[in-house]
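Input: a single structure, listed below in structure tokens.
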């Protein structure tokens with residue numbers, strides 16, 4: 001058994017957004033100190049951490065000093081170089097490690113890894129030139145999604161293409177970059193599943209969460225016993241366990257999945273950290289994804305993944321803020337089923353995640369109606 005990192009120790013987190021903020025809140029609740037490292041200052045995580053380190057991820061001198069100040073390092077953001085993790089790993093445990101990050105931040109490597117684990121994905125191909133794009137697009141039925149292989153999230157770096165498009169013009173914006181073409185999956189629903197694993201191999205996961213997207217950004221997530229059949233739940237849990245064990249992932253990892261009309265599950269992508277869809281676990285489950293992340297990276301016993309009550313979570317993007325200023329939070333909080341979470345970001349921009357609301361009720365349908373209604377009222 002590996003040594004436990006007990007309360008009173010200092011936990012380091014790479015990345016300083018809302019995921020780090022919610023991680024730090026749970027870590028401090030358990031009596032840990034938190035240091036955050038990112039290129040930014042006055043960040044959502046920094047506001048609740050004990051120390052905010054502001055330096056570039058490739059500033060190895062700063063990383064060395066950061067490593068000396070903490071007992072373990074985790075991620076809230078995967079767009080960090082594996083070289084940075086490898087540097088840190090020489091001095092302090094990094095969970096998850098560079099091998100997980102490498103698979104997650106490159107779509108080609110990710111798809112190839114899933115195939116090597118025997119898991120289904122959308123059809124895909126590396127694209128190196130215009131001729132290859134045309135050939136593979138035909139092979140995929142004349143329609144697909146062209147993506148940069150690295151550094152994309154929330155729909156960034158991707159474009160739907162079909163054989164009638166001016167592909168030469170489309171290709172101009174991708175030429176010179178590592179690029180992947182993915183075929184379409186005829187899916188009925190999108191879901192995610194969040195797993196937890198410690199360095200001793202102890203594993204658990206939440207039940208799947210149903211997701212609805214708008215403009216490539218997660219809009220609403222639902223958790224409840226009525227959402228999925230036992231077969232889907234079992235298969236989703238098999239997939240997340242296979243991925244975490246195959247990658248030797250320690251901490252929290254999310255797998256986004258497509259459910260086809262024939263009730264098959266297809267892996268879309270992975271995120272080696274807590275996930276937007278899991279925010280509802282804060283209010284709806286016995287032990288939320290952020291507390292689980294603390295426990296997993298410290299080799300403490302994993303918490304219960306049991307659902308307390310059906311729930312719906314709605315993202316609050318900068319679009320909710322009007323030109324006149326702050327939304328009417330008093331109005332939102334007048335609904336007793338609503339739990340409001342704001343991330344402390346200083347500037348609201350369209351598409352920027354500023355917070356979320358979760359509603360608990362006797363059914364997912366009721367919870368979704370409540371959270372949508374309250375968000376609309378803002």
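Just one of (1) in contact with a helix residue (DSSP H, G or I) (Cβ under 6 Å, 6 or more places away or on another chain); (2) free of Cβ contacts under 8 Å to residues at least 40 places away in the same chain trips up residue 334, so point out which.
The one condition residue 334 does not meet is (1).
Do you know which of the residues in segment 217-245 that are exposed (fewer than 15 other Cβ atoms within 10 Å of the Cβ) and touching a strand residue (DSSP E or B) at 6+ places or on another chain (Cβ under 8 Å) is farthest from residue 266 (Cα to Cα)? Even if it seems obvious, please write down each step before you answer.
So the first thing to find is which residues in segment 217-245 are exposed (fewer than 15 other Cβ atoms within 10 Å of the Cβ), and the list is 225-226, 229-231, 234, 238, 245.
Now drop any that are not touching a strand residue (DSSP E or B) at 6+ places or on another chain (Cβ under 8 Å), which leaves 225, 245.
Details: 225: 21, 245: 18 Å.
Among residues in segment 217-245 that are exposed (fewer than 15 other Cβ atoms within 10 Å of the Cβ) and touching a strand residue (DSSP E or B) at 6+ places or on another chain (Cβ under 8 Å), the one farthest from residue 266 (Cα to Cα) is 225.
Working only within segment 356-378, note down all residues that are surrounded by 20 or more Cβ atoms within 10 Å (Cβ to Cβ), outside any helix (DSSP H, G or I) and touching a residue at least 60 places away in the same chain (Cβ under 8 Å).
356, 358, 360
When you scan segment 284-302, do you find a residue that is more than 19 Å from residue 96 (Cα to Cα), outside the structural domain of residue 17 (by TED's automatic domain parsing) and in contact (Cβ under 8 Å) with a residue 24 or more places away in the chain, even just one?
yes
Any chance segment 149-158 includes a residue that's part of a strand (DSSP E or B), outside the structural domain of residue 218 (by TED's automatic domain parsing) and in contact (Cβ under 8 Å) with a residue 12 or more places away in the chain?
Taking segment 149-158 as the starting set, the residues that turn out to be part of a strand (DSSP E or B) are 150, 158.
Now restrict to residues that are outside the structural domain of residue 218 (by TED's automatic domain parsing): 150, 158.
Of the ones still in play, those that are also in contact (Cβ under 8 Å) with a residue 12 or more places away in the chain are 150, 158.
Checked segment 149-158: at least one residue is part of a strand (DSSP E or B), outside the structural domain of residue 218 (by TED's automatic domain parsing) and in contact (Cβ under 8 Å) with a residue 12 or more places away in the chain.
Taking residue 173, is it surrounded by fewer than 16 Cβ atoms within 10 Å (Cβ to Cβ), more than 25 Å from residue 289 (Cα to Cα), in contact (Cβ under 8 Å) with a residue 24 or more places away in the chain and over 22 Å from the mean Cα position of the chain (by Cα)? Steps first, answer last, please.
On the way: surrounded by fewer than 16 Cβ atoms within 10 Å (Cβ to Cβ): yes; more than 25 Å from residue 289 (Cα to Cα): yes; in contact (Cβ under 8 Å) with a residue 24 or more places away in the chain: no; over 22 Å from the mean Cα position of the chain (by Cα): yes.
So residue 173 fails the test.
This table checks each residue for (1) surrounded by 12 or more Cβ atoms within 10 Å (Cβ to Cβ); (2) within 19 Å of the chain's Cα centre (by Cα); (3) assigned by TED's automatic domain parsing to the domain that holds residue 278; (4) over 23 Å from residue 214 (Cβ atoms).
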| residue | (1), (2), (3), (4) |
| --- | --- |
| 312 | yes, yes, yes, no |
| 316 | yes, yes, yes, no |
| 320 | yes, no, yes, no |
| 326 | no, no, yes, no |
| 333 | yes, no, yes, yes |
| 336 | no, no, yes, yes |
| 340 | yes, no, yes, no |
| 348 | yes, no, yes, no |
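The values are calculated or read from the model by the stated rules, or taken from the named source; none is laboratory data. Here the structure is a predicted model, which means the values were calculated and not measured. So basically every Cβ, Gly included, is an ideal-geometry build from the backbone, and we count neighbours across all protein chains shown.
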